[in-house]
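Written out below as structure tokens is the structure these notes cover.
Just so it is clear, none of the values below were taken in a lab; they were calculated from the coordinates. Quick caveat: nothing in here was measured; it's all calculated off a predicted structure. Cβ placement follows ideal geometry from the backbone for every residue including glycine, while neighbour counts extend to all protein chains displayed.
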């Protein structure tokens with residue numbers, strides 16, 4: 001399983017915002033410059049993240065975006081679902097009726113895929129934005145381990 005580029009970028013933007021003092025407002029331009037995410041993509045994602053309640057926004061001279069709740073109350077699953085929608089491992093996950101899968105009528109695995117999706121959602125939900133935004137040493141990552149996971153945009157192979 002791999003995050004899409006947009007979900008990957010959303011995680012990068014949110015972790016950059018979480019590293020700032022609580023309540024500090026940031027513009028899409030500032031976050032794009034800080035992270036290397038292209039400005040149009042940052043603007044689009046920040047709008048999506050705000051619409052899902054992960055960022056708050058204010059207009060005007062002192063406006064911008066800030067985390068809508070504390071970093072420890074935002075999970076990796078929240079960020080991924082804000083961009084990708086509900087976490088589903090297969091096309092038919094979450095569908096009670098027929099899907100466009102050629103095996104749908106005879107599939108004996110489909111009834112169990114909800115369990116798999118819930119397990120993945122639980123694992124992603126257990127990782128807080130606070131954890132993601134801390135330095136590897138503070139997060140309990142041993143030297144060399146920080147390369148065990150890399151975002152899709154980094155060209156990492158799934159493990």
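Going from the residue with the fewest nearby Cβ atoms within 10 Å to the one with the most, 106, 5, 112 rank 106, 112, 5. Let me check against my output: what whole-number percent is the relative contact order of the range 1-63, with C-alpha pairs under 8 Å and at least 6 apart? Computed over the range 1-63, the figure is 32 percent.
Counting neighbouring Cβ atoms within 10 Å and putting the fewest first, the residues 72, 30 line up as 72, 30. For the range 5-138, what relative contact order do you get, as a whole percent, if you take Cα pairs closer than 8 Å and at least 6 residues apart? Relative contact order comes out at 28 percent.
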